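Asker: First the structure, then my questions, so here it is.
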């Protein structure tokens, strides 16, 4: 694949500096909901100004460029090791250019690697398909919102949450209250019902690859997604936790089978600076289209 | 909107009320997890922090033509510094702490006791806030890594909301209580 490193560098730059259209539409609408003269409205106005400025200056929307999560759908026989090498080179270059903050720290020594490379960084997830094109998606997920994610085990006595969709609803709303504004609300949730502790959290992040306007093909989950957003917005946490009408911009729920003994609800909280982009690449190395 | 201009005095800071929008002009010093632990454990600050403002921030700063250029400078989540903040407010006479997400009762008490406020900057507004930085006079404790160093920023009209004032009022405590009550209705 020619130009892969250069294309990945451009993907990183675009993901870091530009909010995707589907997200901007929802953030904009959220801002309009807030009352004039309130701190919540003030926050949304600054957010809107920031989105425009970041795009014009080609600089990070948020200084916490977060975890670098690549999701790749590749044809059979694709060289994943070559992709990984190109991705790492692009990440290091993007860091030197300031598209990414130096965000990778040794958990034992505390030393920052300086280039975003290190065990687990960047994070790469590959799925094979029978087509010929390469689909590369990238999420930059900041630490602030990562810290307010949560994983519940049902039944939960404290919440009165049983192993059903109503129990799931209670867990999700509790997570939103626990988060307050610390995930840089208004936020978006990626949720997985089921899986184990690891697959549950990963699949919850993969829900963040969906567009905000999509509709869950399962009618019960689609209804739950909408209901959660409506209920969360009645909590009054608002932008930055200042109080207000816009606490959640979206909720995307996926399901995995589970063990009989386990019932996990894994919740990944994404901040308003929902940095998610991708491209479709044809051989040799031409971007056919941007995915968001 | 209230202008908070250096020198930052106890009087200026005690005049602020929860909910006020302020524009800060003067020096601020970034400091986050590593710096707070270091200072709390008795480390000697490399700059004089008396009557100064600490900004919970890990910026992106790149050297261009031998000058530091701030590429992104929004706030980090402050609650992680709750174990250390009250002590540092007392030790250095800090006049304000800028961050996001608020802080806890220990910090709120120190604000009232020593004359300090918590200023909530807009989370993720990295570009708007980077533009407020007019000069980077220096960087210290770089061994902690770039995001964890103390960056000296001269800022002009840096916008923030007073969410914890010097009189025991916290918007965060109020919103938490109210949202918990609402949750009871919903579940």
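Asker: Taking every alpha carbon pair in region A:173-220, what does the distance histogram look like in 5 angstrom bins from 0, in percent?
Answerer: The percentages, shortest bin first, are 5, 17, 21, 25, 24, 8, 0.
Asker: Related question: Over region A:1-136, what per residue volume does the convex hull of the Cα atoms give, in whole Å³?
Answerer: Spread over its residues, the Cα hull of region A:1-136 gives 138 Å³ apiece.
Asker: Right, here's the next one. Using just the Cα positions, wrap region A:144-270 in a convex hull and report its mean projected area in square nanometres, one decimal place. Kindly include the intermediate steps, with their values, before the conclusion.
Answerer: Working: hull surface 27.9 nm².
About 7.0 nm², averaged over all directions.
Asker: Distance in nm between label sites at residue A:52 and residue B:44, each 7 Å beyond Cα in the beta-carbon direction?
Answerer: Once both label points are built, they end up 4.9 nm from each other.
Asker: Could you tell me what a quarter of the Cα convex hull surface of chain B works out to, in nm² with one decimal place?
Answerer: With every direction weighted equally, the projected area is 10.9 nm².
Asker: Now for a separate question. Does anyone have the angle between helix A:219-232 and the longest principal axis of chain A? Alpha-carbon axes, 0 to 90°, nearest 10?
Answerer: Orientation of helix A:219-232: about 70 degrees from the principal axis.
Asker: On to the next question. Could you tell me the largest-minus-smallest coordinate of the C-alpha atoms of the protein assembly as shown on each of the three principal axes, in descending order and whole angstroms?
Answerer: 69, 58, 42
Asker: Now, a different point. Tilt of helix B:82-92 relative to the longest C-alpha principal axis of chain B, in degrees (0 to 90, nearest 10)?
Answerer: 60
Asker: Then there is this: On a full-extension model of 0.36 nm per residue, what is the gain between residue A:222 and residue A:125, subtracting their alpha-carbon distance, rounded to one decimal in nm? Numbers along the way, then the final one.
Answerer: On the way: separation 97, 0.36 × 97 = 34.92 nm, distance 2.62 nm.
Full-extension gain reported as 32.3 nm.
Asker: Right, something else. How large is the translational diffusion coefficient of region B:108-164 in µm² per second when you combine the Kirkwood radius over alpha carbon pairs with Stokes-Einstein at 20 °C and 1.002 mPa s?
Answerer: The diffusion coefficient I find is 161 µm²/s.
Asker: Quick one: divide the alpha-carbon radius of gyration of region B:1-81 by 2.2 N^0.38 Å and tell me what you get.
Answerer: Details: Rg = 14.7 Å, N = 81, 2.2 N^0.38 = 11.7 Å.
With N residues counted in region B:1-81, Rg over 2.2 N^0.38 Å equals 1.26.
Asker: Same structure, new question: In a Gaussian network model over chain A where Cα atoms closer than 10 Å are linked, find which of A:15, A:157, A:95 has the largest mean-square fluctuation.
Answerer: A:157
Asker: On each of the three principal axes of the Cα atoms of region A:71-129, give max minus min coordinate, whole Å, ordered largest first.
Answerer: 39, 27, 15 Å, listed from the longest principal axis down.
Asker: On to the next question. Could you please state, rounded to a whole Å, how far the C-alpha centre of region A:245-273 is from the C-alpha centre of region A:81-153?
Answerer: 21
Asker: Place a point 7 Å from Cα of residue A:132 in the direction of its Cβ. Which residues in region A:273-292 have their backbone N less than 12 Å from it?
Answerer: Residues A:282-284 qualify, since their backbone N sits under 12 Å from the label point.
Asker: Enter the mean projected area of the convex hull around the alpha-carbon atoms of region A:1-73, in nm², rounded to one decimal.
Answerer: Details: hull surface 25.2 nm².
Seen from a random direction, the Cα hull of region A:1-73 projects 6.3 nm² on average.
Asker: Helix A:39-57 sits at what angle to the longest principal axis of chain A, using alpha carbons and giving 0 to 90 degrees rounded to 10?
Answerer: 10
Asker: Want the number for residue A:230 to residue A:257: 0.36 nm per residue separation, take away the alpha-carbon distance, what's left?
Answerer: Details: separation 27, 0.36 × 27 = 9.72 nm, distance 2.72 nm.
Gain on extension, residue A:230 to residue A:257, equals 7.0 nm.
Asker: Taking a ≥ b ≥ c as the square roots of the eigenvalues of the Cα gyration tensor of region A:93-168, is the shape rounded (a/c under 1.5), prolate (a/b larger than b/c) or oblate? Working shown, then result.
Answerer: On the way: a/c = 2.96, a/b = 1.47, b/c = 2.02.
Note, shape of region A:93-168 comes out oblate.
Asker: With both partners inside chain A, how many of the DSSP beta bridges are antiparallel, as a percent to the nearest 5?
Answerer: Rounded to the nearest five, the antiparallel share is 70 percent.
Asker: Tell me, what is the Rg over Rh of region B:44-127, with Rh the Kirkwood radius over Cα pairs? The partial results should precede the final answer.
Answerer: Details: Rg = 14.0 Å, Rh = 13.6 Å.
Dividing the radius of gyration by the Kirkwood radius yields 1.03.
Asker: Sort B:68, B:151, A:290 so that the residue with the fewest other Cβ atoms within 10 Å of its own Cβ comes first and the one with the most comes last.
Answerer: Result, fewest neighbours first: A:290, B:68, B:151.
Asker: Take region A:239-291, compute every pairwise Cα distance, and split them into 10 Å bins from 0; I just need the percent in each bin.
Answerer: For region A:239-291, the binned pair fractions read 16, 26, 25, 25, 8, 0 percent.
Asker: According to a simple spin-label model (label point 7 Å from Cα along Cα-to-Cβ), what is the distance in nm between residue B:106 and residue A:108?
Answerer: So the label points at residue A:108 and residue B:106 sit 2.9 nm apart.
Asker: From the C-alpha gyration tensor of region A:105-216, pull out the three semi-axes of the equivalent ellipsoid (sqrt of 5λ each), sorted largest to smallest, in whole Å. Kindly include the intermediate steps, with their values, before the conclusion.
Answerer: Working: eigenvalues 152, 92, 42 Å².
Taking √(5λ) for each Cα gyration eigenvalue gives 28, 21, 15 Å.
Asker: How far apart, in nanometres, would the label points at residue B:143 and residue B:21 be if each is projected 7 angstrom from Cα along the Cα-to-Cβ direction?
Answerer: Computed distance between label sites residue B:143 and residue B:21 equals 4.4 nm.
Just so you know, all these numbers are worked out from the coordinates, no wet-lab data involved. Because the structure is predicted, anything quoted here is derived from the model rather than measured. Glycine also receives a Cβ, built like all others from the backbone with ideal geometry; neighbour counts cover every protein chain displayed.
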